[in-house]
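Undergrad: Submitted below is the structure of interest, expressed as structure tokens.
We did not get these values from a lab; they are worked out from the coordinates using the rules stated. Being a predicted model, the structure only gives us computed values, none of them experimental. FYI the Cβ positions are ideal-geometry reconstructions off the backbone, even for glycines, and counts take in every protein chain you see.
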Ligand SMILES: NC(=O)c1ccc[n+]([C@@H]2O[C@H](COP(=O)([O-])OP(=O)(O)OC[C@H]3O[C@@H](n4cnc5c(N)ncnc54)[C@H](OP(=O)(O)O)[C@@H]3O)[C@@H](O)[C@H]2O)c1
């Protein structure tokens, strides 16, 4: 094995792309963000692990105590000044910012007729404004450096529109769109933008509900994300069935409509029976268009 190349869980050789890099991971105290932060730490990066609650930050500090390059801060990404402070502190302590993972977010699957304006505001503040603030304050730093990579977490619900995910789709489609536009605009400046589109990942986002059967573990999600980030991919869609589903929808809009109407039927029946249907009906992929 080449020197400096750590072995992955299946014995594969991982590059040292992230070694000695400076990264911020928002929503780094739980789920996908926590797994991304830990994987970056394993690969030698300095990582600012961010949560909004001091309690979750303290918990992450204990569980990541083995990593001497882990740093922690409680930052509410819905507050512009706090995001500015997070980036200023990182640059003043570490001299630069190589990777910003705008990952903090909340899920929202809810019958649209029962949505409140508070629910809309809560999701837009976190899932969209949180990302906007991150980009706004990180971009000047990265432009001055002449390099940097911003990774925005969208969702499969940011490229297809599952029924009863009206608010979530509104925020995640916005994240996908802004990230793609930024990717092209700043390509020649040496700044990379990536959109991450997971389908279900087993995390606290499903707290109080049942984790869908197709959900993958957060550490598997983190390895897929970092593999795509390393390759500077524009759109990272996973797991494989979600990517295939997206590609099939693009190729066959009539199939997409049939699939989505059946998806809506299952979701509506779920609400009516009191057992919400939160999964992705991957079995429908066998259906003929
Ligand atoms: N899990 C999935 O199936 C799935 C699928 C597609 C997309 N995603 C997206 O992936 C991202 C991570 O989701 P997850 O499932 O890993 O969620 P999670 O386990 O619930 O973690 C959410 C993280 O966000 C932080 N957070 C919440 N509000 C915040 C705020 N105002 N400011 C800063 N941090 C805040 C939380 O820390 P505190 O508790 O300290 O606030 C926590 O670290 C989200 O953007 C989500 O939409 C998830």
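Undergrad: What residue, among those in the stretch 180-195 that are touching a strand residue (DSSP E or B) at 6+ places or on another chain (Cβ under 7 Å) and assigned to a helix (DSSP H, G or I), is nearest to residue 231 (Cα to Cα)?
TA: So the residue we want is 183.
Undergrad: From (1) under 16 Å from residue 173 (Cα atoms); (2) out of contact with any strand residue (DSSP E or B) (no Cβ under 6 Å at 6 or more places or on another chain), pick out the condition that doesn't hold for residue 103.
TA: Unmet condition: (2).
Undergrad: Hey, among 283, 189, 219, which residue is surrounded by fewer than 15 Cβ atoms within 10 Å (Cβ to Cβ) and in contact (Cβ under 8 Å) with a residue 24 or more places away in the chain?
TA: Of the residues listed, the single one that is surrounded by fewer than 15 Cβ atoms within 10 Å (Cβ to Cβ) and in contact (Cβ under 8 Å) with a residue 24 or more places away in the chain is 189.
Undergrad: How many residues does the stretch 21-46 contain that are assigned to a loop (DSSP other than H, G, I, E, B) and either within 13 Å of the ligand (Cβ to nearest atom) or under 15 Å from the mean Cα position of the chain (by Cα) (or both)?
TA: Adding up the residues that qualify gives 4.
Undergrad: Identify all residues within the stretch 250-280 that are surrounded by 13 or more Cβ atoms within 10 Å (Cβ to Cβ) and either under 22 Å from the mean Cα position of the chain (by Cα) or without any contact (Cβ under 8 Å) to a residue 40 or more places away in the chain (or both); write none if there are none.
TA: 252, 255, 258, 259, 262, 265, 266, 270, 277, 278, 279, 280
Undergrad: Give the stretch 48-70 a look and list any residue that's outside any loop (DSSP other than H, G, I, E, B), touching a strand residue (DSSP E or B) at 6+ places or on another chain (Cβ under 7 Å) and more than 13 Å from the ligand (Cβ to nearest atom), or say none.
TA: Across the stretch 48-70, the qualifying residue is only 70.
Undergrad: Residues that are closer than 18 Å to residue 25 by Cα: find the helices (runs of 4 or more DSSP H) completely inside the stretch 196-289 holding 1 or more of those.
TA: Answer list for the stretch 196-289: 218-230.
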